[in-house]
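**Student:** One structure, pasted below without further comment.
The values are calculated or read from the model by the stated rules, or taken from the named source; none is laboratory data. In this text, all values refer to a predicted model and were calculated from it rather than measured experimentally. Methodologically, a virtual Cβ is constructed for each residue, glycine included, from the backbone with ideal geometry; neighbour enumeration extends over all protein chains shown.
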Amino acid sequence: MNLFIKKPISQLIETAEGGEYQLKRSLGALNLVSLGIGAIIGAGLFSLTGIAAAENAGPAVVLSFVVAAIGCTFAGMCYSELASMIPVAGSAYTYAYATMGEFFAWIIGWDLVLEYAVASAVVAVSWSRYVGSFLHDFGVTIPVRLAACPYDIVTMPDGSQAHGIVNVPAMLIIVLISLLLMLGIKESATVNDVIVVIKLAVVLTFIVVGFHYIKPSNYVPFIPPNTGTFGEFGFSGIMRAAGIIFFAYIGFDTVSVAAQEAHHPQRDIPRGIIGSLIICTILYILFAFVLTGMLNYKLMRGDAAPVATAIDLTPYPWLHILVKLGIIGGFTSVILVMLLGQSRIFYAMSRDGLLPKLFSDIHPKWRTPWRTNLVFMLFVSFFAGFFPISKLGNMTSIGTLLAFIIVCAGVMILRYTHPDIPRAYKCPCFPQFPILGILVCLAMMTSLDAETWWRLLIWLVIGLIIYFTYSRFNSKLSSKD
């Protein structure tokens, strides 16, 4: 059996457009841009900016955002070209199937679980903490043992310490969003649109209000001299901060996951990817500029909430509540888009026979892969409620970077093997941009710690066991070969 058998692009499109596998097309260009923003802007903006400024780049963290955006743009343009050619659900998994073959498609599909499912659980835990803090401001207190997993030690109201029982709020948000995704993509997109408007309003409010409290002296020196250690200020500090900040951009690739539910995917998917990247990059740069202007970067070291510290410099206590609301909204939309992406990846893999059929069963009324949503509702909520999975955050990043590399390589392969296929969007400066995308993402992967690489290796080994014991024998493409 050929491990590297490729799925014809014509067959991919034909399968997606026919019969039982047809998803409901309900998304326009603005919905797709909103999905991208919903996935990109999360709490990373409010936390990573201060960390990168304090430990690596100083005020020049603004330049780090530019560098990280350039790396994401290379990958984003490659995603856009492939999505305009192959407007099918599945994102990088589907692209790999058409360019590199079934074996690589399986690896990337399994790998994307790290980006979507694991990230959803991690974000749900953080969502729980911020909601607890937000409700506490209004006199509503959630029992601490019911907002922490059994591995967490919490401080009780009487000052004693105890282990948590279960993180109920984290499980609840996963369940609610999963049910929303089952009901339909249009309803889910509408809720995401509302949340995105709220958090954009919060970010813009902070930028506008904070601009009036900037102290020019905080920008001196703009690029602090290197301490003699690589990554601690200077040019190397800007690059190290870019590697950290890159993770605040993760999520734009989920736009391509919704290709099969877009009205005009060849035209609108590139608009959704590139549009959301441009908007988020501008906001990130302005946010970083205002934050480092309000608060000296040296004062951010060890500060878990530098944005809150900066807000204290203003006479507007309502801004605290608004920022918390923005962070909660950011978390909510990230969970929604990540769970959406995960269900569509498994839907595509099941449609090809690599996973059991239940993952591609479409509800007759809602036209969504509801059983996939149900399975991941149980899986992700269980981990969010009972495990301290914050250490798995880096796995999300390494999984995403691997997907980016495969997508950039896929563009190059298809340019040479299928040059005549119509492309509504073409990645400019070929082959330089795809090559740069591979190199930038590979450099960021190598900067991650050894523990993260071992976790990725173990995860891939588990995936290979499943592939060689089930998937390769049930593959619809291989059985026809």
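**Student:** Here are Gly237, Gly231, Gly272: which of them is touching a Leu at 6+ places or on another chain (Cβ under 6 Å) and over 17 Å from Thr205 (Cβ atoms)?
**Tutor:** Sole residue among the options that is touching a Leu at 6+ places or on another chain (Cβ under 6 Å) and over 17 Å from Thr205 (Cβ atoms): Gly272.
**Student:** Moving to a separate point now. Keeping to region 134-193, report how many residues are of a type in the set (Asp, Glu) and modelled with pLDDT of 75 or more.
**Tutor:** The number of residues fulfilling the criteria is 2.
**Student:** Which number in (1) more than 30 Å from Tyr347 (Cβ to Cβ); (2) of a type outside the set (A, V, I, L, M, F, W, C); (3) in contact with a Ser or Thr (Cβ under 9 Å, 6 or more places away or on another chain); (4) surrounded by 14 or more Cβ atoms within 10 Å (Cβ to Cβ) marks the one condition that Gly164 misses?
**Tutor:** Failed condition: (3).
**Student:** Additional query: So, in region 419-442, exactly how many residues are in a helix (DSSP H, G or I), touching a residue at least 60 places away in the same chain (Cβ under 8 Å) and either in contact with a Pro (Cβ under 8 Å, 6 or more places away or on another chain) or hydrophobic (A, V, I, L, M, F, W, C) (or both)?
**Tutor:** Total satisfying the criteria: 4.
**Student:** Let me ask you something else. Consider Ser236 carefully, then state whether it is in a helix (DSSP H, G or I), more than 23 Å from the chain's Cα centre (by Cα) and surrounded by fewer than 15 Cβ atoms within 10 Å (Cβ to Cβ).
**Tutor:** Answer is no for this residue.
**Student:** Further, regarding this structure: When you check Thr400 against the structure, is it closer than 20 Å to Leu112 by Cβ, out of contact with any Ser or Thr (no Cβ under 8 Å at 6 or more places or on another chain), at pLDDT below 85 and not small (Gly, Ala, Ser), yes or no?
**Tutor:** Judged against the criteria, Thr400 is a match.
**Student:** Among the residues of region 327-373, what is the count of those that are among the hydroxyl-bearing types (Ser, Thr, Tyr), under 15 Å from the mean Cα position of the chain (by Cα) and more than 14 Å from Tyr93 (Cβ to Cβ)?
**Tutor:** 2
**Student:** Would you point out which residue out of Phe331, Phe387, Phe359 is modelled with pLDDT of 80 or more and farther than 22 Å from Phe252 by Cβ?
**Tutor:** Result: Phe359 is the single residue among Phe331, Phe387, Phe359 that is modelled with pLDDT of 80 or more and farther than 22 Å from Phe252 by Cβ.
**Student:** Then there's this: Return yes or no: is Gly463 of a type in the set (Gly, Ala, Ser) and modelled with pLDDT of 85 or more?
**Tutor:** Spelling it out, Gly463 is indeed of a type in the set (Gly, Ala, Ser) and modelled with pLDDT of 85 or more.
**Student:** Which of the residues that make up region 61-109 are polar (S, T, N, Q) and closer than 23 Å to Arg267 by Cβ?
**Tutor:** Thr73, Ser80, Ser84, Ser91, Thr94, Thr99
**Student:** Filter region 422-481 for residues that are of a type in the set (Ser, Thr, Tyr), over 27 Å from Ala75 (Cα atoms) and within 26 Å of the chain's Cα centre (by Cα) and give the result.
**Tutor:** Correct list: Tyr467 only.
**Student:** Given the conditions (1) out of contact with any Phe, Trp or Tyr (no Cβ under 6 Å at 6 or more places or on another chain); (2) of a type outside the set (Lys, Arg); (3) within 24 Å of Ala310 (Cα to Cα), report the number of the one that Phe230 does not fulfil.
**Tutor:** (3)
**Student:** I've got another one for you. Within region 106-146, which residues are without any contact (Cβ under 8 Å) to a residue 24 or more places away in the chain and either within 16 Å of Ile405 (Cβ to Cβ) or under 24 Å from the mean Cα position of the chain (by Cα) (or both)?
**Tutor:** Arg129, the sole residue that qualifies.
**Student:** Quick check on my filter: what residues within region 14-31 are within 17 Å of Ala83 (Cβ to Cβ) and either at pLDDT below 65 or loosely packed, with under 13 Cβ neighbours inside 10 Å (or both)?
**Tutor:** Residues satisfying the conditions are Thr15, Ala16, Glu17, Leu23.
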